[in-house]
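Student: Below is a structure I'd like to ask you about.
The values are calculated or read from the model by the stated rules, or taken from the named source; none is laboratory data. It should be emphasised that the depicted structure is a prediction, and the values quoted were computed from it without experimental measurement. Counting neighbours? That spans all protein chains shown, and the Cβs are built from the backbone with ideal geometry, glycine included. Side chains are part of the model used for accessible areas, which takes the heavy atoms of the whole protein and leaves out ligands, DNA and RNA. Shrake-Rupley method; radii C 1.70, N 1.55, O 1.52, S 1.80 Å.
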Amino acid sequence: MKHLKDKVISITGAGSGIGRSLAMKLNASGAKLALNDYNAEALEETLSLLPNQNIKFINQVFDVSNKDAVYSFADETMKSFGQVDGCINNAGVALGTVSAENLSYEDFNWIFGINFWGMVYGTKAHLPLIKKQSEGFIANVSSIFGITGIAYQTAYCSTKFAIRGFNESVRMEMHVESPHIKIHSIHPGGIKTNIAKDSKVAEGMEEIMAKQDDQQLADIEKAFITSPDKAADVIISGIKSKRERIMIGPDAKKADRLVRLFPEKYTDMLLKNSDLAKLRVED
């Protein structure tokens with residue numbers, strides 16, 4: 001999709017981070033937007049920051065784990081604009097540091113509901129509408145943690161690996177059925193957002209996680225090296241150039257190469273050359 005002017009694009013998780021930057025940049029390029037976030041105040045702030053207020057947009061506040069709400073969002077987008085050209089399923093959450101052994105099923109279900117099922121609902125709700133156009137796309141945000149597993153982030157990695165598998169399967173289906181539709185699998189590395197600060201503390205880990213001071217949090221966030229604006233630029237460029245696999249940040253590209261070159265050894269290599277040991281939560 002070389003030109004985005006007058007295209008209708010929906011974005012989930014537009015209240016902050018990459019979602020907000022995408023909304024601002026796509027609006028600046030002349031795209032018509034349908035925006036979502038679960039946080040009404042954050043979404044309202046994004047709307048106020050859109051540079052072209054004269055371009056039509058709609059917005060809805062809901063949790064993407066609500067299937068009916070996602071389908072209603074897609075239907076309202078179609079009703080409001082008469083077409084849907086693209087969908088960026090960006091909404092996602094994280095859990096605090098927790099081992100697989102201590103991870104509760106409730107927290108596992110919670111993060112899958114938003115990160116994975118929200119993306120599935122968004123894809124299935126929008127795809128039939130987008131296929132009516134002469135060209136279109138769906139962009140689903142996975143992560144570098146959908147390429148490489150990481151200690152004490154079992155639930156998050158599981159959702160992002162699941163998104164990657166879903167993306168690659170649907171991409172092949174579109175090559176067979178609807179080659180004019182592109183499925184973009186997006187894999188950001190560390191992005192300078194509030195995901196670490198705002199991540200949910202895993203059930204039963206509140207007391208332990210409370211011992212983490214501000215300096216420990218700052219140490220974690222040092223790994224976030226790419227700005228949301230830069231990430232949005234890479235995503236938009238990838239959509240325009242029809243790249244179906246979009247890696248964001250030098251850390252993501254490096255980790256991707258490491259996993260492909262050393263599929264069995266990368267675990268020890270990452271442990272040896274990182275601060276992962278500092279993130280360990282004692283049971």
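Student: Restricting the search to region 136-162, which residues are among the β-branched types (Val, Ile, Thr) and in a helix (DSSP H, G or I)?
Tutor: 144, 154, 159
Student: With respect to residue 70, is the statement that it is at pLDDT 95 or above, buried (at least 19 other Cβ atoms within 10 Å of the Cβ), over 19 Å from the mean Cα position of the chain (by Cα) and not polar (S, T, N, Q) true?
Tutor: no
Student: Let me confirm something: among 52, 90, 59, which residue is crowded, with 22+ Cβ neighbours inside 10 Å and either small (Gly, Ala, Ser) or in contact (Cβ under 8 Å) with a residue 24 or more places away in the chain (or both)?
Tutor: 90
Student: Right, here's the next one. For residues in region 93-108 being within 30 Å of residue 239 (Cα to Cα) and out of contact with any strand residue (DSSP E or B) (no Cβ under 6 Å at 6 or more places or on another chain), which is surrounded by the most Cβ atoms within 10 Å (Cβ to Cβ)?
Tutor: My answer is 93.
Student: A further question on this structure: Taking region 239-250 as the region of interest, how many residues are out of contact with any helix residue (DSSP H, G or I) (no Cβ under 7 Å at 6 or more places or on another chain) and either closer than 14 Å to residue 188 by Cα or assigned to a helix (DSSP H, G or I) (or both)?
Tutor: The number of residues fulfilling the criteria is 5.
One line per residue, one yes/no per condition, for (1) in contact (Cβ under 8 Å) with a residue 40 or more places away in the chain; (2) at positive phi; (3) part of a helix (DSSP H, G or I); (4) within 15 Å of the chain's Cα centre (by Cα):
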site	(1), (2), (3), (4)
106	yes, no, yes, no
114	yes, no, yes, yes
118	yes, no, yes, yes
122	yes, no, yes, yes
129	yes, no, yes, no
134	yes, no, no, no
164	no, no, yes, yes
167	no, no, yes, yes
174	no, no, yes, no
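Student: Quick check on region 190-198. Is at least one of its residues at pLDDT 95 or above and open to solvent by less than 60 Å² (accessible area, probe 1.4 Å)?
Tutor: There is no residue in region 190-198 that is at pLDDT 95 or above and open to solvent by less than 60 Å² (accessible area, probe 1.4 Å).
Student: Look through region 36-49, keep the residues that are among the charged types (D, E, K, R) and open to solvent by 80 Å² or more (accessible area, probe 1.4 Å), and return whichever of them is nearest to residue 18 (Cα to Cα).
Tutor: Filtering region 36-49 for residues that are among the charged types (D, E, K, R) and open to solvent by 80 Å² or more (accessible area, probe 1.4 Å), the one nearest to residue 18 (Cα to Cα) comes out as 45.
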